[in-house]
Amino acid sequence: MIILGIETSCDETAVSIIEAKGGLEDLHFKVLGSSVNSQIELHREYGGVFPTLAKREHIKNLLPVLIESFRKANLISDSQFPISKKFSSLEEFLNEKPQLDVIDLIAVTVGPGLEPALWTGINFAEELGERLNKPVIPTNHMNGHLASVLLSNKKIVFPAIGLLVSGGHTELILIKNWFEKEKIGETQDDAVGEAFDKVARMLGLPYPGGPEISKLAEEAREKNIKLEKEFPRPMIHSKDFNFSFSGLKTAVLYYLKNKTDANKLAVAREFEDAVIETLITKTNKAIAQYSPKTLIVGGGVIANKFLRENITKLKDKYPNLEIMIPEKNLTTDNATMITIAGYLEYLKSGVGKENRKLKACGNLKIN
Ligand code: KG4
Ligand code: ZN
């Protein structure tokens, strides 16, 4: 089956077309064409994602991103649709009668995320579905982050533990199978990516802060530069699987207030050490308690090299644990993960069984 996915939950407008095959026991995916437009540069001056700007940009970019993904998937030809040809609306494009009948299903992110941004994707997907006469299936963005490891076409052995680390989430999930998940821990305040972004801002670094802090921390490790004190690792010894990053963020704030000549490299390193140690300790604890066969890590923060290294090291302690981290281009928001999660949703519920009314849900829970 050919699935078209649409993602607009935050500051990436993305469309992807994949071929999906098999049942739960023999899933197989192949990307035919994928396109992402990132708004990072525009949000940079606000130091974070500005929702109304995100909405405006999604509305502007959805059609060109869609057309680009069709082009990449060879579903439209350059002769009928030259790159120079621009369309002002989806209707205008579809009136040219592109041959899109191969598409079987449209998957769209309905949450979690910024609701005004989510609605742009939903409205677009519904219009496309109606015009092409194809079903539209609602998809959970966090399921997408977990499901992105399926693109490797390796079989996942359950139970699995999922660690989700993004700009909006920090969660540990017990995955009994693709249709049965239970959240076992989450952040009590800031998400880990949010903490990276806020601390980066304190250090005068641009948005998104994760990659910036990571660069400085790496340089500090190479040059053996260390902070003279330790920042706290909040909740690291708590009995549950929850996290907290706001106390750590405040500790950095006070440190920087008291020490105007602080060494940024050393601060970045110590902050990153504290975050990664906390994430690894809690993940380790979840593995010890639930004895999963697989660990899946998803979300933008897994682009962090130091986290990847430390997650990989868990293999020394648990040699039989299969550790699955998505490919680098699938770590930050994209629509390929939405098509994969959409296929799982289709296997679970089919389409058209119920009269689904698509609705954006900013704090949609994982299911
Ligand atoms: O999953 P994602 O693309 O969007 C959300 O759904 O939130 O994650 C974005 C987050 C941002 O907070 C960004 O700073 C963080 O991922 N991030 C990183 C790195 N690359 C992106 N955090 C730490 N280290 C990185 N290398
Ligand atoms: Zn995300």
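The values are calculated or read from the model by the stated rules, or taken from the named source; none is laboratory data. Here the structure is a predicted model, which means the values were calculated and not measured. Because the Cβ atoms are built from the backbone with ideal geometry, glycine has one as well, and the counts that use them run over all protein chains shown. Note: accessible area is taken over every heavy atom of the protein model, side chains too, but ligands, DNA and RNA are not part of it. Shrake-Rupley method; radii C 1.70, N 1.55, O 1.52, S 1.80 Å.
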- Reported set for segment 251-270 where residues are outside any loop (DSSP other than H, G, I, E, B) and surrounded by fewer than 15 Cβ atoms within 10 Å (Cβ to Cβ) is LEU253, TYR254, LYS257, ASN258
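Picking from TYR343, TYR318, which residue would you name as being assigned by TED's automatic domain parsing to the domain that holds VAL15, more than 16 Å from ligand 1 (Cβ to nearest atom) and not aliphatic (A, V, I, L, M)?
That would be TYR343, the only listed residue that is assigned by TED's automatic domain parsing to the domain that holds VAL15, more than 16 Å from ligand 1 (Cβ to nearest atom) and not aliphatic (A, V, I, L, M).
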- Item | Among residues of segment 13-57, those that are in a helix (DSSP H, G or I) and either open to solvent by 20 Å² or more (accessible area, probe 1.4 Å) or free of Cβ contacts under 8 Å to residues at least 40 places away in the same chain (or both), counted | 9
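In the list ILE236, ILE161, which residue meets the criterion of being of a type outside the set (Gly, Ala, Ser), more than 16 Å from ligand 1 (Cβ to nearest atom) and either crowded, with 22+ Cβ neighbours inside 10 Å or under 21 Å from VAL110 (Cα atoms) (or both)? Working first, answer last.
On the way: ILE236 fails: either crowded, with 22+ Cβ neighbours inside 10 Å or under 21 Å from VAL110 (Cα atoms) (or both).
Result of the check over ILE236, ILE161: ILE161.
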- Message: Being without any contact (Cβ under 8 Å) to a residue 12 or more places away in the chain and either farther than 19 Å from GLU345 by Cα or more than 16 Å from ligand 2 (Cβ to nearest atom) (or both) is true for just one of LYS134, LYS155, LYS97. Which residue is that?
- Response: LYS97
- Query: closer than 21 Å to ILE280 by Cα and outside the structural domain of ILE276 (by TED's automatic domain parsing): does that describe MET142?
  - Reply: yes
- Failed item, numbered, when ILE225 is tested on (1) touching a Gly at 6+ places or on another chain (Cβ under 6 Å); (2) more than 16 Å from ligand 2 (Cβ to nearest atom): (1)
- All conditions in (1) touching a helix residue (DSSP H, G or I) at 6+ places or on another chain (Cβ under 8 Å); (2) touching a residue at least 40 places away in the same chain (Cβ under 8 Å); (3) of a type in the set (Val, Ile, Thr); (4) not in a loop (DSSP other than H, G, I, E, B) are true of THR332 except (4)
- In this structure, is LEU172 part of a strand (DSSP E or B) and either closer than 24 Å to PHE245 by Cβ or open to solvent by less than 40 Å² (accessible area, probe 1.4 Å) (or both)? yes
- Item | Subset of segment 89-116 (residues that are at pLDDT below 95 and either charged (D, E, K, R) or not in a loop (DSSP other than H, G, I, E, B) (or both)) | GLU96, LYS97, ASP101
- Note on the structure: When restricted to LYS60, LYS86, LYS72, the only residue modelled with pLDDT under 95, open to solvent by 70 Å² or more (accessible area, probe 1.4 Å) and more than 30 Å from VAL157 (Cα to Cα) is LYS86
